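Everything on this sheet refers to the single structure shown next.
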Amino acid sequence: MITIIDYGSGNLRSIQKSIIRFYPKVTITKDLDLIQQAKGIILPGVGAFGDAIRELQQNNLYEILIEKINQVPTMGICLGMQLLFSQSQESRGIHGLNIIPGNVLHIETMRLNAIKLPHTGWNRLIPISAPYFYGYAYFNHSYYCSPSDETLVISYINHGSFIPVIILKEHILGVQFHPEKSKQTGDNVIQFFISLMGR
C-alpha cells in the first residue's frame with residue numbers, strides 16, 4: 001500500500017488519481033497505524049515550510065515520518081520535498097525532517113537574470129544522471145532544495161539560473177514539480193517511484 005500523508009496540505013485526491021492508474025492500493029491518511037503498514041510514502045505539500053512542519057507535529061506525524069521514510073520508498077512532492085531537508089529560508093528556526101541534509105533557499109539567492117516569482121508553469125527538465133527524466137513538468141514555487149551532497153541532484157531546470165528539481169537519495173525521491181499535473185513526464189516519475197517499491 002502507498003500512503004499519501006494527509007496533514008492538511010496538497011492536492012491529495014489528484015495525486016491519488018494519478019498513482020492509482022499504475023498502482024491500485026493507494027490511501028490518503030494521517031492514521032499512525034496505516035502509516036506504519038505502508039510500503040511506500042508520498043509526502044505532498046502546498047504552502048509554507050513552517051506551517052507544514054507545525055501541522056506534522058500537531059498531528060503526531062513528525063517523528064513517525066522520520067522513522068518510516070528512512071525505511072520505505074518515499075516521494076516528496078513540491079513542499080513535501082522541501083520538508084525532507086534540514087531547514088528553509090522561508091521559516092527560519094524551524095527544523096525540517098532532516099532526512100536529506102541541506103537547505104531550502106529562495107530562488108532569488110541564486111538569480112543571475114531578472115526572473116518572475118513564483119516560478120509557475122511549465123519548464124523543461126535537464127537530466128544529468130540516471131534515472132533520466134525528459135520533457136516538461138509543471139511548477140509552482142519560489143524556493144528550491146540545495147542538498148549538502150550535490151551528487152544527489154539528478155535533474156535541473158533553467159529559471160534565471162540552474163535550479164535543482166529532482167533529487168534521489170537511495171529509496172527517497174524528491175520532485176519540486178507536480179507530477180500529477182505534468183502529463184507524461186509526471187507519469188514517468190510516478191512509475192519510477194512505484195518501481196522503487198519492487199527493489
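Table for the structure above
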read-out: DSSP bridge orientation in the chain - percent antiparallel, rounded to nearest 5; value: 60 percent
read-out: Lysines with Cα under 24 Å of Lys116, excluding same-chain neighbours fewer than 8 positions away; value: Lys181, Lys183
read-out: Distance in nm between pseudo-label sites at Ser14 and Asn70 (7 Å out along the Cβ direction from Cα); value: 3.4 nm
read-out: Sites Leu34 and Lys116 - FRET efficiency at Förster radius 41 Å, r taken between beta-carbons, to 0.05; value: 0.50
read-out: Amide H within-cut-off set for Trp122, under 5 Å, with H built and near neighbours excluded; value: Phe139
read-out: Computed helical MRE - 222 nm, the chain, DSSP H runs ≥ 4 contributing -39500 (n - 2.57), nearest 500; value: -7500 deg cm²/dmol
read-out: Computed over the chain: relative contact order in percent, which uses C-alpha pairs under 8 Å that are six or more apart; value: 19 percent
read-out: Peptides 64-70, 142-148 ordered by average Cβ neighbours within 10 Å, highest first; value: 142-148, 64-70
read-out: The chain - charge dipole about Cα centre, Lys and Arg +1 at Cβ, Asp and Glu -1, debye rounded to 20; value: 560 debye
read-out: Order by protection proxy (mean Cβ within 10 Å, highest first), peptides 173-183, 77-87, 151-161; value: 77-87, 173-183, 151-161
read-out: Difference of contour (0.36 nm per residue) and Cα-Cα distance, Glu150 to Ala130; value: 5.8 nm
read-out: Relative packing of peptides 26-33, 189-196 - highest average C-beta neighbours within 10 Å first; value: 189-196, 26-33
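A short reminder: the numbers here are calculations on the coordinates, not readings from a lab. Quantities reported herein were computed from a predicted structural model and do not represent experimental measurements. Methodologically, a virtual Cβ is constructed for each residue, glycine included, from the backbone with ideal geometry; neighbour enumeration extends over all protein chains shown.
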